Each structure stands twice: as structure tokens, then as C-alpha cells.
Amino acid sequence: MFEKILIANRGEIALRIHRACREMGIRTVAIHSTADADAMHVRLADEAICIGPPAPAKSYLNAHAILSAATISNAEAIHPGYGFLSENADFAQMVEEHGFVFIGPSPDHIRLMGDKIVARTTAKEAGLPVVPGSPGAVESLAEAGTIAAAIGYPVLVKASAGGGGRGMRVADTADDLQTAFEQARKEAENSFGNPEVYIEKYLRTPRHIEVQILADAHGNVVHLGERDCSLQRRHQKFLEEAPSPALNDVQRAEIGRIAADAARKIGYRSLGTMEFLYENGEFYFIEMNTRLQVEHPVTEMISGLDLVREMIRVAAGAPLGFAQEDIRFTGHSIECRINAENPVTFLPCPGRVGDYHAPGGLGVRVDSALYAGYTVPPYYDSMIAKLIVYGTNRNECLMRLRRALEEFVIDGLETTIPLHQRLLAEPDFINGEYDNRWLERFVGGQ
Ligand code: MV4
């Protein structure tokens, strides 16, 4: 096992990784920008190295500075967390070329899934159901028209370099296709420097259901069940739960098995997530995330596994210590993302935390790097805490979550806690009846 790991991230996820390392007897190296000298991840780590000024491009995205920090601290491996360089294949390759272990999949697998057209083709060949759509890139408006007519309107034009919603345009009818095609290409070019697009049938009321998989370097693959991440706003997830209230145990086992088989077929190693749209009882693969995800804790709560520990173990070459039949899912877990932002306008609201009190008690977990007196810097993501609750069933989980939200004190900042409290009083949410556009309607209609 590794003796020392460099954590190439900040905030709650840097703490989460540090905690797994600590329990495994692995020493940790924190990196930080000048804006984060007082950050909790710097305080907890065994060593900390300042790698640059506040702007992410000059610090947390600065591959050369991070590799220098790994070299001078004698780290053996680098964990990228989520965001920043976590899905940058060139970075993963540089890490390996410098003789460190990248705690994640191979650079080739990151690259494969980073191109959404290649990901779609690969998924299809590996036996996953995909949304009806173009066989590859769509080069011209004429070609777009032929494909759209064949699959039927409405269609969605998507950027091949996209993901997360940018460079996406809906065409409800043939009259909208030209605008959708041109706008999607333009946005793709501006956002990613790559205008390539593809077309899918547009599903109007799907749920976003993702399957967690874990693979070692010896061909062993398991799935760890699904998460329902349908509650999003502007492509930002707001609340996630496991298991999905929309699936039964048979559907769960089926989609899990299909996802694990596909991961095995493509020779994947590490943690990974296959994203599906689910509508009218059918699953459709849309993308694969090749990183540790923000919402991984809900899977940990219902499976009893430490996903970060497992991710580190398989990166070190260790075989999985369990088979699919050994994994038991019990109870229900929900994660609320708490952001430092105005709950009505959603504008970020950084600043100094006054009193701080995190909830606790049975089944309550808070992953956060906040402390009383800490100043949330304006340069990074506005997520300041994750409240993760476990219950033996969904109803117990909801009751406990309401209680925990009531206990949470974060003075000095505006947060999304009041919006979570309103959501938890909504009959649709309580009944598990929501799709991927439900939250936008709820927030827009206030
Ligand atoms: C779709 C879709 C409907 N039909 N694809 C949004 C981000 C990217 N990961 C894929 N997305 C979507 N792809 C087809 N063929 C609707 C969305 C979508 C969405 C998906 C999940 C959760 C929230 C969403 C919000 C808007 C659009």
C-alpha cells in the first residue's frame, strides 16, 4: 500500500480523502492556493504545500505545480477528487509519466468517456441501451434533418465535448432544427473549442439514475447500486438519494448487472458511474463519469463500504475483497447539497462564517470543511457542506433529515438550507414522484 498520497483538491472532498488515508495509515500531502492558507484541508494534512495564487488555473488546475509538489514531498500517488483535474486525461498521463500513481482510471479510459460520441458508441458495443440517435457525429444540417426525421421529433442536439448540459439544444419540430443545430455547434465551439455535435431523441420526463461501479486491475467488477439524481437546477444537482424511489429490486439488480458487465468488457479500473435516463420503465445510457462523485456518500451509507478506501486499494493493485453476492444494500440515504448562495436568486454568497453548528445523532453525517470563523473564498465552487442522512427506510430518512436540517447552524452566510426544508415538505418529493425538470418548476414557481 502507498505510504504517502498527495490530495490534489480542496474543501470537503480533500477532507474526505484525507480521512480515508488516515484510517489506512497513509500520510497525506495537501496542496492549496494562497486563498486557502487557512482552509481545513491544509490544517488536517500531514504536510501542506502552497502551489499558487487563488485563480484555479494558477493553482488547483496547474498540473506542473502539482507534480512539483508531489516530487518534493515524495508522494507515491495523487488523488484528484472531483472537478478540477479529475477527468483530465492529459493530467492523468503526466502523473504516470512522472512515476506517480493516478488514483483513478487509466488515461485512455478517461479520454474514451470524455468524448461523448465515443462514449455512446463504446457503451452500445458493450451492451448498454442508449437513447435512439445518430450513429456518430452529425456534420451538416442536411444530415441532421435525415436523422431527426428517422428517430422522430423532439430531438436533442448535444456537443460531443459536452456533458453537464452545455452545448445542448432541443428541436421540437423540423422548423426548430436549423437553429438548434447551429446554436449547439456555436456553443460547443465557444465552450470547448470543438463544434462536433450528435443527435438523440429528446426524452421529456426522464429521471436521472446513475449506477456506481467499482473495478480492480484484475478484471473483478461489482456494482454498488444506483442513485437518483433527478433533482437538479441548471445542471447542478441539489439532492441525491439511494436507492431510487422509482425502481424495484429486480430492476435494480438488472441495471446494476448490465453496468458492471459493460465496465468489465471495456477493461475499466477504479470507481466509475454510468449515467442513465429512465423513462417509462426503460433505461438509456447517456454518459460515464470516470471520477469519485460528490454524491458517493449515499452509496456508502446503504452499502457500508468506504468508496475512497476501495478506490485507493484498487489503484495500488489490490484485488477487490468481496464479490457482488457479498454486497448487501440496506435502508435509505439522502444527501442535501448545502451551498453558500441566495436560496431565491442562487447567486453565490461567500463570506465569513459566524457561529457554526453541525447536526449529529444517529444516522447523520456531515461532510464539510467549514468551521466557525472561516471565510468562504469567492474563487471556488459554492458548495460548503453535504448533509447525508441514513434511515432504515425512506420515511425514517426523511424524518431524520428534517430534524437534522433544523439543527444546522451556519451564521453569516445565506445557504440553500431553507430551500431543502421547503422541498422536504412537498408532497411530490415525499411520494418520490419527481423527474429531471421537477426542481426547476418548483423553484421557478415560487
Ligand atoms: C438528455 C435529456 C433528454 N433526452 N438526453 C443534461 C446533462 C447531460 N448530462 C444530459 N442531459 C440531458 N440529456 C436526452 N436524449 C435531458 C437532459 C437533462 C437532464 C438530465 C438529467 C438531469 C437533469 C437534466 C436537466 C435538463 C436536461
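Observations on the model:
- Residue among Glu254, Glu226, Glu187 that alone is outside the structural domain of Glu143 (by TED's automatic domain parsing) and either crowded, with 16+ Cβ neighbours inside 10 Å or in contact with a strand residue (DSSP E or B) (Cβ under 7 Å, 6 or more places away or on another chain) (or both): Glu226
- Close pairs from the stretch 380-398: first outside the structural domain of Pro245 (by TED's automatic domain parsing), partner assigned to a loop (DSSP other than H, G, I, E, B), Cβ under 7 Å, at least 6 apart: none
- Counting only strands (runs of 3 or more DSSP E) that sit completely within the stretch 1-90, those holding 2 or more residues that are among the polar types (S, T, N, Q) and in contact (Cβ under 8 Å) with a residue 24 or more places away in the chain correspond to 27-33.
- Among the candidates Glu300, Glu287, residue that is within 16 Å of the ligand (Cβ to nearest atom), in the same structural domain as Leu398 (by TED's automatic domain parsing) and either more than 16 Å from the chain's Cα centre (by Cα) or acidic (Asp, Glu) (or both): Glu287
- Count of the stretch 414-429 residues, restricted to those that are of a type outside the set (Phe, Trp, Tyr) and assigned to a helix (DSSP H, G or I), is 9.
- In this structure, Gly219 does not qualify as outside any loop (DSSP other than H, G, I, E, B), away from the ligand (no atom under 13 Å from the Cβ) and modelled with pLDDT of 95 or more.
- Qualifying residue in the stretch 201-208 (condition: outside any helix (DSSP H, G or I), among the charged types (D, E, K, R) and surrounded by fewer than 21 Cβ atoms within 10 Å (Cβ to Cβ)): yes
- Test set (1) closer than 30 Å to Leu15 by Cβ; (2) more than 13 Å from the ligand (Cβ to nearest atom); (3) outside any helix (DSSP H, G or I) - Met94 fails condition number: (3)
- Residues located in the stretch 148-179, provided they are in a helix (DSSP H, G or I) and within 13 Å of the ligand (Cβ to nearest atom): Ala148, Ile151
- Filter result for the condition that a residue is out of contact with any Ser or Thr (no Cβ under 9 Å at 6 or more places or on another chain) and under 27 Å from Lys386 (Cα atoms), over Ile103, Ile78, Ile17, Ile72: Ile78
- Here Arg111 does not qualify as surrounded by 15 or more Cβ atoms within 10 Å (Cβ to Cβ), basic (Lys, Arg), under 25 Å from Gly267 (Cα atoms) and within 13 Å of the ligand (Cβ to nearest atom).
- Complete set of residues in the stretch 387-411 that are under 14 Å from Ser244 (Cα atoms) and exposed (fewer than 14 other Cβ atoms within 10 Å of the Cβ): Asn393, Asn395
- Residue that is nearest to the ligand (Cβ to nearest atom) [pool: residues in the stretch 430-446 that are within 21 Å of Lys386 (Cα to Cα) and part of a loop (DSSP other than H, G, I, E, B)]: Asn436
- Scanning the stretch 3-23 for residues that are surrounded by fewer than 18 Cβ atoms within 10 Å (Cβ to Cβ) and under 19 Å from Arg365 (Cβ atoms), we see that the one that is nearest to the chain's Cα centre (by Cα) is Arg19.
- No other residue among Ala45, Ala63 is more than 21 Å from the chain's Cα centre (by Cα) and crowded, with 21+ Cβ neighbours inside 10 Å apart from Ala45.
The values are calculated or read from the model by the stated rules, or taken from the named source; none is laboratory data. Here the structure is a predicted model, which means the values were calculated and not measured. Cβ sites come from the backbone with ideal geometry, for glycine too, and all protein chains shown count toward neighbours.
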